[in-house]
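One structure below.
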Amino acid sequence: MTNWRLIKRTWCLWPARPKALIEVIGGSYLSGSPQISYKRLLEGLYNKNLAIHAWTYLPRIDHQTQANEAWKEFRSCKNKLENRVGVKLKSIRVGHSLGCKLHLLAPDGGRNASSLIAISFNNFTAIKSIPLFSKFQSKTTKYRDFHPNPIETLRLIRECYIQPSNLLIRFKEDNIDETSKLLGCLRNRSREDNSHTVEMDGDHLSPASFGLRQNLLGQWANDKSKRETINNLIETINNWSSSFSCS
C-alpha cells in the first residue's frame, strides 16, 4: 500500500532512494484530488522509483497566479524531499491538459527543471472551457477571459519559456488537443529547442480515467485498453526521465 502524504496542497509519494522527481499538475477539476484521479499513473511512476509531487487545485480565471503558486509549493516540497534523502534530485515537470499551461507559465521559465512532459495540451478561452460560462458572463458588465488568454499564453511561451527539453504527448481520439500549436510555438522561440512529440492510443481523459473509474466502480472498471494506455504512459515517462537521474 502506498503512503501518500499531503504537504499544504501537494500530494507526495517518496521512495527511499528516488532516481528523480516528477512534479505533476493535472487538468481542470481532475486535480481536486490528483492522488485519486491519477492514481494508477502516479503510483505506477512511484513503482519505477520516481518521487511524485502532485499539486491540488481548482481552476480559476487567473492562471498566472495559479502557476506561481504551484511553482512555489513544488520548490518547497522539493527542498523537504532532498533534505530527507540527502541528495539533489533532477525534476521533470508533467502537465495534463490545463496543467501543461500552468507549468509553461512557471515564473522560472522552466529553468529549474530538467524537462517538461506535456500531455494533451490545450489553451482554450474561458467560454470554450467552462460550461455555461457565456450565460454567466452575460449577467456581468465586462467579459473576462483567462489570464493570460490563449494568444497571450502563446506569446509568453515564445518569449519567456526557456526549457529546451520538452516531450509532448497526444492521444489519437483527443478532439480538444492543441499539441500542434504548442509544438509550433516552442520551435518558433529564438533559442535552442529539443521538443519531441509522441502519439498514443486513447483520448483526453486517458491519463486520469482509470483512477476515477477504479475509485468509483472498483475492479469492474478495470478495462484492458485503459490499462494498456496507462502502462504505455508510465513507460514513456519513465524512459524519458531516465535521462535525468540524480546529479
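Of note:
- For the condition of a type outside the set (Gly, Ala, Ser) and out of contact with any helix residue (DSSP H, G or I) (no Cβ under 9 Å at 6 or more places or on another chain), Cys12 does not qualify.
- Count of residues meeting criterion [in contact with a Lys or Arg (Cβ under 7 Å, 6 or more places away or on another chain) and open to solvent by 10 Å² or more (accessible area, probe 1.4 Å)] in the range 104-117: 2
- Restricted to the range 114-162, the set of helices (runs of 4 or more DSSP H) holding at least 3 residues that are at pLDDT 95 or above comprises 150-160.
- Flag if Lys80 is in contact (Cβ under 8 Å) with a residue 40 or more places away in the chain, in a helix (DSSP H, G or I) and surrounded by fewer than 17 Cβ atoms within 10 Å (Cβ to Cβ): yes
- With respect to the conditions (1) more than 30 Å from Arg191 (Cα to Cα); (2) in a loop (DSSP other than H, G, I, E, B), Asp108 falls short on a single one, namely (1).
- Any hit, the range 32-49, residues being over 13 Å from the mean Cα position of the chain (by Cα) and among the aliphatic types (A, V, I, L, M): yes
- Applying the criterion of being among the hydroxyl-bearing types (Ser, Thr, Tyr) and at pLDDT below 90 to the residues of the range 173-221, the residue that is farthest from the chain's Cα centre (by Cα) is Ser190.
- Of all residues making up the range 170-200, the number that are closer than 24 Å to Ser243 by Cα and of a type in the set (Ser, Thr, Tyr): 3
- Each residue in the range 167-185 was checked for being open to solvent by less than 80 Å² (accessible area, probe 1.4 Å), out of contact with any helix residue (DSSP H, G or I) (no Cβ under 7 Å at 6 or more places or on another chain) and free of Cβ contacts under 8 Å to residues at least 60 places away in the same chain, and 7 of them qualify.
- Yes/no for Ser91 being within 15 Å of the chain's Cα centre (by Cα), under 26 Å from Phe124 (Cα atoms) and either open to solvent by 30 Å² or more (accessible area, probe 1.4 Å) or in contact (Cβ under 8 Å) with a residue 60 or more places away in the chain (or both): no
The values are calculated or read from the model by the stated rules, or taken from the named source; none is laboratory data. As the structure is a computational prediction, the values presented were derived from the model and not from experiment. We place every Cβ from the backbone using ideal geometry, glycine too, and count neighbours over all the protein chains shown. Remember, those area values only see protein heavy atoms, side chains included, never the ligands or the DNA or RNA. Shrake-Rupley method; radii C 1.70, N 1.55, O 1.52, S 1.80 Å.
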